[in-house]
1. Just name the residue that is surrounded by the most Cβ atoms within 10 Å (Cβ to Cβ) out of those in segment 88-113 that are part of a helix (DSSP H, G or I) and more than 15 Å from the chain's Cα centre (by Cα).
2. Among the residues in segment 61-70, are any in a helix (DSSP H, G or I), in contact with a helix residue (DSSP H, G or I) (Cβ under 7 Å, 6 or more places away or on another chain) and either of a type in the set (Phe, Trp, Tyr) or surrounded by fewer than 17 Cβ atoms within 10 Å (Cβ to Cβ) (or both)?
3. Do the conditions hold for ALA24, that is, is it in contact with a helix residue (DSSP H, G or I) (Cβ under 7 Å, 6 or more places away or on another chain), surrounded by 13 or more Cβ atoms within 10 Å (Cβ to Cβ) and under 13 Å from TYR84 (Cβ atoms)?
4. (1) in a loop (DSSP other than H, G, I, E, B); (2) under 24 Å from ASP111 (Cβ atoms): which one isn't true of GLN15, the others all being true?
5. Can you name every residue in segment 102-122 that is out of contact with any Gly (no Cβ under 6 Å at 6 or more places or on another chain) and either among the acidic types (Asp, Glu) or within 25 Å of ALA44 (Cβ to Cβ) (or both)?
Amino acid sequence: MLAQSRLLADVITEQGVVTTDGLAAALRVTKTELALATGLSRDAVSKRGRVGARSTQARLRDTVEIINHVAPWAGSVVAAFAWYRSQPLPSFGDKTAEDLVKEGRAQAVKDYLSRIAEGGYA
């Protein structure tokens, strides 16, 4: 749980905005790589007016929540991000969490992770 609250503290401001600089730094990627991993445009994660957009923030927050959920199991935020990008999920036709987030199906990933956390099957 410590890794979970730590990432949130590092990347979400007091106003509830996910900072792309903070998130990219925490994941050890560039903003271009962050954009690719979240299905957002480079402008959406780098231009001030676009970063604050509701749709951009929703996608970034979904990504943070998924990584936070996996980080304790994976051992670190960076390992959780690697899982997010590369681990095929059998329940979703072997798509990765990244693929599903890009498709706008982040809630399905979060529900899947909650089932697993409760001892359910993938």
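Any read-out appearing in this document is the output of simple, stated calculations on the displayed coordinates, not a laboratory observation. Computed from a prediction, not measured in an experiment: that's the story for all the values here. In this analysis, Cβ positions are derived from the backbone assuming ideal geometry, glycine residues included, and neighbour counts consider all displayed protein chains.
1. We begin by selecting, within segment 88-113, every residue part of a helix (DSSP H, G or I); these are 90-92, 97-102, 106-113.
From the residues that got through so far, the ones that are more than 15 Å from the chain's Cα centre (by Cα) too are 90-92.
Details: PRO90: 9, SER91: 14, PHE92: 17.
In this case the residue turns out to be PHE92.
2. Our first condition is that a residue be in a helix (DSSP H, G or I); within segment 61-70, this holds for 61-70.
Filter once more, so that each one left must be in contact with a helix residue (DSSP H, G or I) (Cβ under 7 Å, 6 or more places away or on another chain): 62-70.
Right, trim to either of a type in the set (Phe, Trp, Tyr) or surrounded by fewer than 17 Cβ atoms within 10 Å (Cβ to Cβ) (or both) and you get none.
So far as segment 61-70 goes, no, none of its residues is in a helix (DSSP H, G or I), in contact with a helix residue (DSSP H, G or I) (Cβ under 7 Å, 6 or more places away or on another chain) and either of a type in the set (Phe, Trp, Tyr) or surrounded by fewer than 17 Cβ atoms within 10 Å (Cβ to Cβ) (or both).
3. On the way: in contact with a helix residue (DSSP H, G or I) (Cβ under 7 Å, 6 or more places away or on another chain): yes; surrounded by 13 or more Cβ atoms within 10 Å (Cβ to Cβ): yes; under 13 Å from TYR84 (Cβ atoms): no.
Taking the combined requirement at face value, the residue does not satisfy it.
4. Unmet for GLN15, out of (1) in a loop (DSSP other than H, G, I, E, B); (2) under 24 Å from ASP111 (Cβ atoms): (2).
5. As a first pass, look at segment 102-122 and keep what is out of contact with any Gly (no Cβ under 6 Å at 6 or more places or on another chain): 103-122.
Hits for segment 102-122 are GLU103, GLY104, ARG105, ALA106, GLN107, ALA108, VAL109, LYS110, ASP111, LEU113, GLU118.
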